[in-house]
Every structure is written in C-alpha cells, then in structure tokens.
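**Student:** Okay, handing you the structure first.
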Amino acid sequence: MTNHPIHPHHQLKSKDFFEDPTLPLQVYIRDPQPEFPLHSHGFDELVIILKGTAIHAVDGQLFPVKSGDVFVIARNRMHQYHEMHGLALANVLFDAKLLLMEHWDIRALPGFHALFSLEPTFRALHNFPSRLQLSERQLNRTHKMIHDLTRETEMRNPGYRVMAKGLFMQLAVQLSRCYSEEPTDESIDLLRLGDAIAHIETHYSEKITLEELAQKSHLSKRHFLRIFHDCIGRSPIDHLMHVRIQKAADLLRHTGRTITEIAFDCGFSDSNYFTRCFRKTTGETPRQYRYELRQTPLISEPFL
C-alpha cells in the first residue's frame, strides 16, 4: 500500500489520494488495515468491512464494526480504528460534489439518502449505532464490484473514467437497495425520512406539503421539521425550492425550452415568481443565467 503523507493537523487532502486529478474517485483495499493516526479528510469515504473486527472511533464516539458492515464517513469527521482483530476493509474515496451525485437518479432511492446522508449525520448528532450489515452473498457480490472498480482505476484503459464512474454508480445502487431490503428497528426511521427526501427529488414539479412529507416519515410535523433540518441543513420547503431551482438550471443549460415552460416544468405556477426565486438562489435571473452560458465556450462535462 502506498504511504500517503499525514499533515500536521491530520487533515488528509484530495490531491494526495485521488491518483487521477480528473477523477475524484479512488479505491484502496487494506488487508490488513494498518495502524493509522486519528484523522479527517476533505472528501467522503465509503467503507466496506471485508473481514475481522475493530472499534471505530468517530468524533470521539466508539462503535464496534465487523465483517459485512458498510458505512459512510463524511468529510471533516475525525476517525480512527482501535482494537483491530484481522481487520480488512475496502475504502472507496469519493467527492460527491465533483461526481455530480446531486444529479443521479439514485436519489429516488430512500436507501441512498439513509446510507450516504442521514446515517452519518445521525451518528454524529445522536451516537446512532445502526449501520448496513451485508449478508455473505451480498458481501461477496459487493466485493466483486469493488474489484472491478479497482481494476478500472488502476489500469486506466481508454474510457476508464466513464467506466469507473458507472461502476461506482452500480455499487451505490446495490448498497442502497440492500439498505432498504432488510431494515432494522433503528434504520427504519432513517428510511422513512429518506422516503420523504426521495419524494421531493422525484415529485418536485407537483404540489408538496409539509404535512404530506411528515406523514411519509411517520413523524409529527414538529419532529419531522427538526430532524430534517438537522440532517439536510435546511427546512423541507427550502429543500424543495433548492431542488426545483437545480432542475430549472439543468433545463436552462441543456434545453431550448422557454423560461415560462421551464417554470411550469419545475413546479412554479407563475414565471415571475420563478424568476424571483431563481435570482435569490443563484444571483441571476434565468435569462441572465442562460445568456452567460451561451457566451461561455462549450466544454465537455467534467469527469465523464
């Protein structure tokens, strides 16, 4: 295994770990997992425990881990493994923003939100012990997918960036589906909240009420508001607006539809109100946004 530099404050940098700077995705198989100082990193980390056991310390909280466990360590979280016994794991390092994960159809899966967003936040806020536990069959299948992804990133044959991104998408879908298939008593609440978020992502063009979202989560409106804000960093209605503006920006970039058509497509019943909301979020009107895009030389989409 390559020895990567540990900075004095133990903040691991993307440039030291993403071997291809144009692909913010890297896999490291650690068998056995070596001793590693307490650290954080400026990227996200998907961890699959392949065998063995350990105690995982995250922001000062201790969690036992064992073969088949899967979890995400969010960027800037301090963590370290203790009391390792035959521990082997796969670390999939990724930058969700640079991989454009906000635009993936996988966001329609409640398990995706539970695994990649909600569980890491709950673990930090509430000492949340639950995590995805793969069966032997699921772990074997996941291990093969990791092997395929590793091969692409290491061999770098022509087209490997597209292939690596596609394999990571498949891995994320597989794990998200596993999360939903056999929920535990602890994870069922996260899946219900994930269902509400997925509902926003897939029905943003329709009328969505706070009462409807709280009902999907099987929570009181007050409790739902608090948990949603803790996890997402904004209210459900603000998140709905964020998704609508994001979808509108995509349509402005990639279609020739009129601004009024786009407003209706994205759930706005009034194009003037759409323009005000768009400007509040982006600092530009839809017309200015589209005009500036047309003045910018055409470049390929990043990391494809």
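**Student:** Output wanted: per-residue J couplings in Hz (rounded whole) for the range 254-268, from phi through Karplus 6.51 cos²θ - 1.76 cosθ + 1.60, θ = phi - 60°, x for Gly and Pro.
**Tutor:** 10, 10, x, 5, 5, 4, 5, 4, 5, 4, 5, 4, 9, x, 9
**Student:** What longest region of the chain stays clear of trypsin sites (Lys or Arg not before Pro) that DSSP places outside H, G, I, E and B and that have at most 16 other Cβ atoms within 10 Å? Mind dumping the intermediate values first?
**Tutor:** Values: sites that count: LYS13, LYS97, ARG156, LYS207, ARG234, ARG257.
Longest stretch, sites excluded: 14-96.
**Student:** Residue by residue through the range 229-237, what is 3J(HN,Hα) from phi via Karplus (6.51 cos²θ - 1.76 cosθ + 1.60, θ = phi - 60°)? Round to whole Hz and write x for glycine and proline.
**Tutor:** Values per residue, Gly and Pro as x: 5, 4, 7, 9, x, 7, 6, x, 5 Hz.
**Student:** Enter the angle in degrees (range 0 to 90, nearest 10) between the Cα long axis of helix 286-295 and the first principal axis of the Cα atoms of the chain, meaning the one along which they spread out most.
**Tutor:** Approximately 70 degrees, to the nearest 10.
**Student:** What is the count of Lys pairs in the range 11-184 whose alpha carbons sit under 16 Å apart, if the two are 8 or more places apart or on different chains? Can you show the working numbers first?
**Tutor:** Values: LYS13/LYS97; LYS15/LYS97; LYS51/LYS66; LYS51/LYS144; LYS97/LYS165; LYS144/LYS165.
Lysine pair count for the range 11-184: 6.
**Student:** Next question. Calculated from the structure, Cα extents along the principal axes in Å equals which of [x] 77, 52, 37; [y] 62, 49, 39; [z] 54, 44, 37?
**Tutor:** Checked against the structure: label [y].
**Student:** Quick one: Karplus J couplings for the range 96-106, per residue in order, coefficients 6.51, -1.76, 1.60, θ = phi - 60°, nearest Hz, x for Gly and Pro?
**Tutor:** 4, 5, 6, 7, 6, 5, 4, 9, 6, 5, 4
**Student:** Can you pull the one-decimal nm distance between simple spin-label points at LYS207 and ARG276, each 7 Å off the Cα toward Cβ?
**Tutor:** 1.9 nm
**Student:** Tell me the GluC sites (Glu not before Pro) within the range 184-287 that lie in a loop according to DSSP and have at most 11 other beta-carbon atoms within 10 Å.
**Tutor:** Numbers: sites: GLU186, GLU201, GLU206, GLU211, GLU212, GLU261, GLU284; in loops: GLU186, GLU206, GLU284.
Passing both the DSSP loop test and the Cβ count: GLU206.
**Student:** Let me ask something else. Return one number: the angle in degrees, 0 to 90 and rounded to the nearest 10, between the long axis of the Cα atoms of helix 271-282 and the longest principal axis of the Cα atoms of the chain.
**Tutor:** So the inclination is approximately 40 degrees.
**Student:** Between HIS41, HIS223, HIS239, find the one with the highest GNM mean-square fluctuation for the chain; connect C-alpha pairs within less than 10 Å.
**Tutor:** HIS223
FYI, it's all coordinate maths here, none of it is from the lab. In this text, all values refer to a predicted model and were calculated from it rather than measured experimentally. Counting neighbours? That spans all protein chains shown, and the Cβs are built from the backbone with ideal geometry, glycine included.
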